[in-house]
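None of the figures in this text is laboratory data; all of them are computed from the coordinates on show. Keep in mind it's a predicted model, so treat the numbers as computed, not measured.
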Amino acid sequence: QTLRDRLTDPRPTISFEFMPPKTAADEERLWTTIRALEPLDPSFVSVTYGAGGSTRDHTIGVTEQIARETSLLPVAHLTAVDHSVTELSAIVARLADAGVTDLLALRGDPPGDVGGEWVKHPEGVEYASDLVELIVRGGDQSVGVAAFPYKHPRSESVESDTRWFVEKCHAGADYAITQMVFDAEDYLRLRDRVAAAGCDTPIIAGLMPVTTWGTVARSEQLSGAPFPPHLLSQYDAARDDPAALRALGITHAVELAQRLLDEGAPGLHFITMNFAKATREVLGQVSVPA
Ligand code: FAD
């Protein structure tokens, strides 16, 4: 069953995102996390694609290993950065051969420069929608795309962002996953404007429990927007008390997850940073429709 098939089921998906390991110690922690989250029976897990070099091979390797050695449905992220069409097609085919039936098609960012100018590989693709088409042409893997509640930083306006997002869905995407949100309203506004543009592609909400002040401080980089002002003062008050700040983060993540589910979000995608504890705590307190 691919994620495309799973999404025809009205029950919301619950999923976890991992990063490819860089060192042997990272790899050990990743697998401890995977094994700790596996009993929660997620609908899928995804592995992000590195900006370049060996982490990219690790993405492919870990995704293949999850397909081979666990009961989990892996989704391989793939970006167009520094890849020719021939290379992209070869990666897609290799993943298909390894039984990886699901891909998340992304344009990616230039290495080391999230806000910088995008430069297409001379024999590569320009937009994520081109990668969606390449994957759809290649076979029957299910394919997802990225969605940006606060618009993509390179988009001129929310309107153009919505228009190109809808085009990307129409290129053959089965679902989308959002950049992380800290406030359910931001997800709901995105969903409403996409629906108003005539697109019914399921949009899974990305979220990450705040467990340290660092997440609040890096909010703009992580989510694309400053931390929600109405929550910021509470975190600021707990800034020097790590246990209190973490407890607040878990409480907010539970409220956020529950609100998203109550509003009919088709899925919750937890960005785990390769740790299991916070995600387990949050899911332990959320009532997911059976
Ligand atoms: P696109 O959909 O191609 O959009 C890029 C920009 O071009 C947008 O401004 C869009 O509005 C515009 N646009 C699109 N089509 C057109 C068109 N035809 N004409 C004119 N303008 C157009 N990055 C990684 O490196 N690795 C990962 O694993 C990874 N995983 C991610 C997972 C999620 C859930 C999300 C939300 C993001 C992830 N990213 C990842 C980051 C992502 O690669 C970057 O944000 C990237 O800059 C945009 O990718 P995209 O696929 O949305 O690009």
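What is segment 190-255's relative contact order, in percent, from Cα pairs under 8 angstrom and six or more apart in sequence?
Contact order relative to length: 37 percent.
Pairs of alpha-carbon atoms within less than 8 angstrom and 6+ residues apart define the contacts here; what relative contact order does the chain have, in percent?
Value for the chain: 20 percent.
Looking at the chain, how many pairs of lysines come closer than 30 Å at the Cα, when each pair is eight or more places apart or spans two chains?
Within the chain, the lysine pair count is 5.
What value, in deg cm²/dmol to 500, does the helix sum -39500 (n - 2.57) over DSSP H runs of n ≥ 4 give at 222 nm once divided by the residues of the chain?
Result for the chain: -14000 deg cm²/dmol, rounded to the nearest 500.
Of 172, 264, 144, which is the most mobile in a GNM of the chain whose springs link Cα atoms less than 10 angstrom apart?
Sorting by GNM fluctuation, first place goes to 264.
Please find, in a Gaussian network model of the chain (springs between Cα atoms separated by less than 10 Å), the residue of 78, 103, 222 whose mean-square fluctuation is greatest.
222
Considering the Cα positions of segment 203-254, please state its Rg to one decimal place and its Dmax as a whole number of Å.
10.7, 36
Picking from 265, 67, 237, which is most flexible by a Gaussian network model of the chain using Cα springs under 10 Å?
Sorting by GNM fluctuation, first place goes to 237.
Given the Cα-Cα distance of residue 164 and residue 259 and 0.36 nm per residue of separation, how much length would full extension add, in nm?
Details: separation 95, 0.36 × 95 = 34.20 nm, distance 2.76 nm.
Result for the pair: 31.4 nm of gain on full extension.
I need the phi-derived Karplus couplings for segment 47-61: 6.51 cos²θ - 1.76 cosθ + 1.60, θ = phi - 60°, integer Hz, Gly and Pro marked x.
10, 6, 9, x, 6, x, x, 6, 4, 5, 5, 5, 4, 5, x
Kindly provide the Kirkwood hydrodynamic radius of segment 1-158 in Å, to one decimal, from all pairs of distinct alpha carbon atoms. Mind dumping the intermediate values first?
Details: mean 1/r = 0.0610 Å⁻¹.
Here the Kirkwood hydrodynamic radius works out to 16.4 Å.
Give me the three principal axis extents of the chain from the C-alpha atoms, as integers in angstrom, largest value leading.
52, 43, 39
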